[in-house]
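J.: Have a look at the structure that comes next, please.
The values are calculated or read from the model by the stated rules, or taken from the named source; none is laboratory data. Note that this is a predicted model, so its numbers are computed, not measured. Positions of Cβ are backbone-derived with ideal geometry, glycine not excepted, and every protein chain shown enters the neighbour counts. In case anyone asks, the SASA skips ligands and DNA or RNA and just uses the protein heavy atoms, side chains included. Shrake-Rupley method; radii C 1.70, N 1.55, O 1.52, S 1.80 Å.
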Amino acid sequence: MLAVLIGLSVAALLSIGLAGPATADQTTQPATIDPTTTPLTGTLSDGSGAVQGTFAVQRFITAPDGTAQAVGSFTGTITDGSGAVTQGTQDLAIPVDLAQSSGSCQILDLVLGPLNLDLLGLQVHLDTVHLNLTAQAGAGNLVGNLLCAIAGLLDGPLPLSTVLSQIVALLNQLLGALA
């Protein structure tokens, strides 16, 4: 179960773009890439304007509605429908869509030792067989998503709030390691 949570944590970091591209500094010093900052672009909710800037993740939280959110600062520009431009910094909490996170999960790891059979004079020898099935979750991977969803069912039921709290704690640990 812990491996699945770690996989989800890494996938969540990637799904909000923490591993996104960074622009290089135009000075002669080598550019440093901040893995906790990601470009952020989009349109206003009414579709009349544009948003462009960066989002610096400071921590992850479990919101009162039971969703995981990335808390941080947006720095950039907002252009409204009339063309007016507003620049600045704003603290935000952005939902983390864990369902869209991709990753993999171990389904089966079966090792059969060597087998020697004598079937009335027919000699059968089978060397060691190692069968490893891994499901790949993500958009468009119907079977992988299904198998990853049911892979942990026998681990025992955990309340959703407990699982979400564990994921948020792991995300904060990963963020701390990156900073």
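J.: If I ask for residues that are charged (D, E, K, R) and over 18 Å from the mean Cα position of the chain (by Cα), which ones from the range 40-80 would you list?
T.: ASP46, ASP65, ASP80
J.: Among the residues of the range 73-96 satisfying the criterion of being among the hydrophobic types (A, V, I, L, M, F, W, C) and touching a Ser or Thr at 6+ places or on another chain (Cβ under 9 Å), which is surrounded by the most Cβ atoms within 10 Å (Cβ to Cβ)?
T.: VAL96
J.: Only one of these is out of contact with any Phe, Trp or Tyr (no Cβ under 6 Å at 6 or more places or on another chain), within 30 Å of THR36 (Cβ to Cβ), small (Gly, Ala, Ser) and modelled with pLDDT of 85 or more: ALA177, ALA149, ALA135. Name it.
T.: ALA135
J.: Scan the range 124-142 and tell me whether some residue there is touching a helix residue (DSSP H, G or I) at 6+ places or on another chain (Cβ under 8 Å), touching a residue at least 24 places away in the same chain (Cβ under 8 Å), among the β-branched types (Val, Ile, Thr) and surrounded by 11 or more Cβ atoms within 10 Å (Cβ to Cβ).
T.: no
J.: Moving to a separate point now. Among strands (runs of 3 or more DSSP E) lying entirely in the range 42-101, which contain 2 or more residues that are touching a helix residue (DSSP H, G or I) at 6+ places or on another chain (Cβ under 7 Å) and under 24 Å from LEU164 (Cβ atoms)?
T.: Once the strands (runs of 3 or more DSSP E) in the range 42-101 are filtered for at least 2 residues that are touching a helix residue (DSSP H, G or I) at 6+ places or on another chain (Cβ under 7 Å) and under 24 Å from LEU164 (Cβ atoms), what remains is 50-62.
J.: Conditions: (1) at pLDDT 75 or above; (2) under 27 Å from ALA56 (Cβ atoms); (3) open to solvent by 80 Å² or more (accessible area, probe 1.4 Å). ALA99 meets all but one. Number of the miss?
T.: Evaluating ALA99 over (1) at pLDDT 75 or above; (2) under 27 Å from ALA56 (Cβ atoms); (3) open to solvent by 80 Å² or more (accessible area, probe 1.4 Å) leaves (1) as the failure.
J.: To continue, here is another question. At pLDDT 75 or above, of a type in the set (Val, Ile, Thr) and within 15 Å of the chain's Cα centre (by Cα): does that describe VAL143? Can you show your working first?
T.: Values: at pLDDT 75 or above: yes; of a type in the set (Val, Ile, Thr): yes; within 15 Å of the chain's Cα centre (by Cα): no.
So VAL143 does not fit the description; no.
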